[in-house]
Amino acid sequence: MKRTVRLSSLIFVLMLTITIGVNAQTKSKRQPEPLRYEIENVGTEIKGIASVKVWTYSKEPKISVELAKRNAVHGIIFKGVSGMKAWAEISEEDTKKAFFDKFFAVDGDYGKYVSVSGDGETRAEDRIKIGKEYKIGINVSVKVKDLRKALVAGGIKIRNDF
């Protein structure tokens, strides 16, 4: 009888461990939450690279650097920054949904075109509490020349008036 109880307990613990592991893996591969951010130009474009600060809204006092990088690339494409108009209409994101879902996925190609400026740490003045959430700023550099080429190669309609 004791052996049956031990065996049942062992099986239960193993199943629980497997379930938790699968759930954690599923969460890490999910699409990130909807984008809530602002983007500003912090430097002139040099040799096809734009320096921007992306302000991401979050309920947590810290955000992942990857989320900031993703928001920066999205902002360059669909919002634009001072001195640079948006490259594509936001409707293009729905029209080319398959492309952008893959492009902005957790391990998507957007990461090839952006890097964190400095050490990636958020300075105290770049973390602003607004009500129940935070506005967090991170400086990044975007390889706009290469990014534009990749979008055109992917069949994305890029405005010619920027």
Whole-number percent relative contact order across the stretch 48-151, with pairs defined as alpha carbons under 8 Å at least 6 apart: 45 percent
Roll a 1.4 angstrom probe over the protein heavy atoms and tell me the percent of accessible area of the stretch 62-105 that is carbon or sulfur. 56 percent
Tell me which residues come under 5 Å, amide H to amide H, from Ile39 once H is placed; ignore anything under 5 positions away on its chain. Trp55
Row for the stretch 26-151, column shape: gyration tensor on C-alpha, a ≥ b ≥ c, rounded if a/c < 1.5 i.e. under 1.5, prolate if a/b over b/c, else oblate; value oblate
Everything considered on the Cα gyration tensor (a ≥ b ≥ c; rounded for a/c under 1.5, else prolate if a/b is larger than b/c, else oblate), the stretch 106-162 must be described as prolate
Rolling a 1.4 Å sphere over the protein heavy atoms, what is the accessible area per residue of the stretch 58-159, to the nearest Å²? 55 Å²
Taking a virtual spin label 7 Å from the Cα of Tyr57 along the C-beta vector, which residues in the stretch 122-143 bring their backbone nitrogen under 11 Å of it? 130-135
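Give, as a single signed number, the net charge of other residues whose beta carbon lies under 12 Å from the beta carbon of Pro61, with Lys and Arg counted +1 and Asp and Glu -1.
Once positives and negatives cancel, what remains is +3.
The values are calculated or read from the model by the stated rules, or taken from the named source; none is laboratory data. These figures come from a predicted structure and were not determined experimentally. Cβ atoms come from the backbone with ideal geometry, glycine included; neighbour counts cover every protein chain shown. Accessible surface areas use protein heavy atoms only, side chains included; no ligands, DNA or RNA. Shrake-Rupley method; radii C 1.70, N 1.55, O 1.52, S 1.80 Å.
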